[in-house]
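To start, the structure under review is shown below, and the notes come after it.
The values are calculated or read from the model by the stated rules, or taken from the named source; none is laboratory data. What you are looking at is a predicted structure, and each value in this text was computed from that prediction instead of being measured. Every residue, glycine among them, receives a Cβ derived from its backbone with ideal geometry; neighbour counts consider all protein chains shown. The protein model used for the area step is the full one, side chains on, heavy atoms only, and it has no ligands, DNA or RNA in it. Shrake-Rupley method; radii C 1.70, N 1.55, O 1.52, S 1.80 Å.
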Amino acid sequence: MEQEKVNGNKEPSAEASSYRCSACHGDEDWAPGHPLRGRAKSRSLSAAPVLASAREFRRTRSLHGPCPVTTFGPKACVLQNPQTIMHIQDPASQRLTWNKSPKSVLVIKKIRDASLLQPFKELCAYLMEENNMVVYVEKKVLEDPALLSDDHFGPVKRKFCTFREDYDDISNQIDLIICLGGDGTLLYASSLFQGSVPPVMAFHLGSLGFLTPFNFENFQSQVTQVIQGNAAVVLRSRLKVRVVKEPRGKKVAVPNGISENGLLATGLDMEVGKQAVQYQVLNEVVIDRGPSSYLSNVDVYLDGHLITTVQGDGVIVSTPTGSTAYAAAAGASMIHPNVPAIMVTPICPHSLSFRPIVVPAGVELKIMLSPEARNTAWVSFDGRKRQEIRHGDSISITTSCYPLPSICVRDPVSDWFESLAQCLHWNVRKKQAHFPEDEEDVEDADEEGGEERAGS
């Protein structure tokens, strides 16, 4: 049956979107109204993978740095402003819980992959028959000829709730998301929810699987554990991106809307008569030169100040989650998803000194074509919705208040380093061989002989 459209999510209040820091205030509940509200229990981490089932230790230190002392010497201190204080819960204590038992689950399957048909059937049958859950799938998933011709799967198939991307809004209907495939399925799940995102459980059935930590062999016990609310989560920050386009055929009176000192011109309504579209991005926003043979030439503003002009193949603005994707290939550092930050990474810049930078998560970046640009630019969001950017258009980027809660196999730290090692082969090198014993004896004899000669 077709899922009816429902209203989207509203912006949360300051109280509903705040978190608390267990390092400063103790392990407390999520704020009222938060989709992951629950008891922030101290997490048990395995001392080593070999001893995971037998011996564990309790983390005693916060993953956040210590609260800084804000008095400096006998007479100086930081001016107190209660309106700017934000309490953030310690990532080490973030665990999934449910206010009510989950009843609906969205299963996202990689399209046109025959190897996923059997896992998809087993999972959906288990969710419906063993857990009595309502399963949502995209309509085109069920249009696979292999599923249409499977008579044994017919009774299960008739129970599905279906939806169509860009037509049906299911954001308020889903309690849990389960992904079958590679990292692309997680990015696709993020794109379906432009507001609050349900918890995501991702199974590694694709080619890379950096963001999909679960193996499918024992999926029944793992899914049951998640449904019971016993799992760690990592909140993957997303970017809120606003694209404002100048109506074509209308001349721009002030190039880029800037004054001589490089600040955004005040008193100028930059969006009158313009078209604005907003996106939630999990990995990165990529601005590049497209099919043109000329260098891209775009101005980058930070909180209204022009900080640099990018001349090269383009620029990547990414989240910590996206730091291990395109940004890593372009030379950026890999940053743990619990670090609140935004990365700006140039793509093949025509400058030897243009290094990638990391800025605070709360800033707003604005990217526009430079007045001297010889060609247009192109922008994409997590590799999708690619579109052309012309003079007078702007792209505003900041951290979204709607993260993607990704369920962990063990914990955010262990899962991340496991992915670095297994998927990216981080720091893989042949071990340096030790000296043979006979060479060590020769070196010891040489040292003793040198000491005797020095004594004589």
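Within region 336-360, if we keep just the residues that are open to solvent by 20 Å² or more (accessible area, probe 1.4 Å) and within 20 Å of the chain's Cα centre (by Cα), the residue that is nearest to residue 236 (Cα to Cα) turns out to be 338. Close contacts from region 292-317, counting a first residue that is assigned by the TED database to the domain that holds residue 374 and a second that is acidic (Asp, Glu) and in a loop (DSSP other than H, G, I, E, B), with Cβ to Cβ under 9 Å and a gap of 6+ residues or different chains, come to 295/313; 296/313; 297/372; 301/364; 302/364; 303/364; 304/364; 309/372. Regarding residue 329, is this residue small (Gly, Ala, Ser) and in contact with a strand residue (DSSP E or B) (Cβ under 9 Å, 6 or more places away or on another chain)? In short, no. Selection of first residues in region 84-102 that are closer than 17 Å to residue 233 by Cα and open to solvent by 40 Å² or more (accessible area, probe 1.4 Å) and of second residues that are at pLDDT 85 or above and hydrophobic (A, V, I, L, M, F, W, C), restricted to Cβ pairs under 7 Å at least 6 apart or on distinct chains, gives the following pairs, ordered by first then second residue: 95/231; 95/232; 95/233.
Residues in region 229-250 that are open to solvent by less than 10 Å² (accessible area, probe 1.4 Å), out of contact with any Asp or Glu (no Cβ under 9 Å at 6 or more places or on another chain) and closer than 18 Å to residue 286 by Cβ: 238, 241. Restricting the search to region 140-163, which residues are within 25 Å of residue 211 (Cα to Cα) and in contact (Cβ under 8 Å) with a residue 40 or more places away in the chain? Correct list: 163 only. The condition of being at pLDDT 95 or above and not in a loop (DSSP other than H, G, I, E, B) does not hold for residue 335. If the condition is being part of a strand (DSSP E or B) and free of Cβ contacts under 8 Å to residues at least 60 places away in the same chain, then region 358-380 contributes 358, 359, 360.
Among the numbered conditions (1) open to solvent by less than 40 Å² (accessible area, probe 1.4 Å); (2) at pLDDT 95 or above; (3) out of contact with any Phe, Trp or Tyr (no Cβ under 9 Å at 6 or more places or on another chain), the only one that residue 392 does not meet is (2).
On the stretch given as region 123-147, residues that are modelled with pLDDT of 90 or more and loosely packed, with under 12 Cβ neighbours inside 10 Å total 2. Of the residues 341, 332, 328, the single one that is assigned by the TED database to the domain that holds residue 281 and either among the charged types (D, E, K, R) or under 20 Å from residue 400 (Cα atoms) (or both) is 341. Of all residues in region 284-323, those satisfying the criterion of being modelled with pLDDT of 95 or more, open to solvent by 10 Å² or more (accessible area, probe 1.4 Å) and hydroxyl-bearing (Ser, Thr, Tyr) are 308, 309.
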